[in-house]
1. Please verify whether the stretch 120-129 includes one or more residues that are under 9 Å from the mean Cα position of the chain (by Cα), closer than 16 Å to ARG70 by Cα and at pLDDT 95 or above.
2. Kindly evaluate SER93 against the criterion of being touching a residue at least 24 places away in the same chain (Cβ under 8 Å), within 30 Å of ASP5 (Cβ to Cβ) and either of a type in the set (Ser, Thr, Tyr) or in a loop (DSSP other than H, G, I, E, B) (or both).
3. Can you confirm whether VAL60 is within 22 Å of LEU112 (Cα to Cα) and surrounded by 14 or more Cβ atoms within 10 Å (Cβ to Cβ)?
4. Of all residues in the stretch 127-147, count the ones that are part of a helix (DSSP H, G or I), in contact with a helix residue (DSSP H, G or I) (Cβ under 8 Å, 6 or more places away or on another chain) and surrounded by fewer than 20 Cβ atoms within 10 Å (Cβ to Cβ).
5. Can you say whether GLY66 is buried (at least 20 other Cβ atoms within 10 Å of the Cβ) and either part of a helix (DSSP H, G or I) or among the acidic types (Asp, Glu) (or both), as far as the supplied structure shows?
6. With more than 30 Å from PHE142 (Cα to Cα) and surrounded by fewer than 16 Cβ atoms within 10 Å (Cβ to Cβ) as the only criterion, which of VAL96, VAL51, VAL72, VAL29 stands out?
7. Which condition does ARG86 not pass, out of (1) basic (Lys, Arg); (2) crowded, with 20+ Cβ neighbours inside 10 Å; (3) at pLDDT 95 or above, if it passes all the others?
8. Going by what's in this entry, would PHE107 be described as in contact (Cβ under 8 Å) with a residue 24 or more places away in the chain, buried (at least 16 other Cβ atoms within 10 Å of the Cβ), closer than 27 Å to ALA9 by Cβ and among the hydrophobic types (A, V, I, L, M, F, W, C)?
Amino acid sequence: MNQSDHADAIRGLQIVYAAILLGALMFGVIVLVLRLEGLLDLGDGADLEIVTWMAAGVGVIMIPVGFVVRSVMRGKAASAEDEGMRMELFRGSTIVFAAMLEGGILFNIVALLLVGNFALNGGVALLGWAVAAALFPTREQFESMRI
């Protein structure tokens, strides 16, 4: 795999990663507008309070679990002899990490939609999104995996 192939593979990964981040962000903004403008009448959500706590728990847990899964996959990538396999494992670990965080983010946005706990569910969704955004994939991340 040459440098041009690396650039193309990383650019494709960045597009997928950005789509994951922007999809969650757009959904979050839509829910926020619906809630703040009172365009949804879902009641006070008192009967769904357990959803608030379940979503927050899942969202918080997905962050360290995502890091563990990503580290395991990247450890395999770092020890791969073939450069193409290293790139595939890097891309796979990055997408799996983003998808795990996205699950927690979306669950919290749905809980926010249903219950309206802005502080808890909004905060956890923002935390997950910020962690994912801070780890946007770069060539430097891939290069740092070399043995």
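1. Scanning the stretch 120-129, I find at least one residue that is under 9 Å from the mean Cα position of the chain (by Cα), closer than 16 Å to ARG70 by Cα and at pLDDT 95 or above, so the answer is yes.
2. Against the criterion (touching a residue at least 24 places away in the same chain (Cβ under 8 Å), within 30 Å of ASP5 (Cβ to Cβ) and either of a type in the set (Ser, Thr, Tyr) or in a loop (DSSP other than H, G, I, E, B) (or both)), SER93 qualifies.
3. yes
4. The total comes to 5.
5. Spelling it out, GLY66 is indeed buried (at least 20 other Cβ atoms within 10 Å of the Cβ) and either part of a helix (DSSP H, G or I) or among the acidic types (Asp, Glu) (or both).
6. Unique residue meeting the criteria: VAL29.
7. Against the list (1) basic (Lys, Arg); (2) crowded, with 20+ Cβ neighbours inside 10 Å; (3) at pLDDT 95 or above, ARG86 comes up short only on (3).
8. Judged against the criteria, PHE107 is not a match.
The values are calculated or read from the model by the stated rules, or taken from the named source; none is laboratory data. Please read all numbers here as calculations on a predicted model, not as lab measurements. Note that each Cβ is placed from the backbone with ideal geometry, even for glycine, and that neighbours are counted across all protein chains shown.
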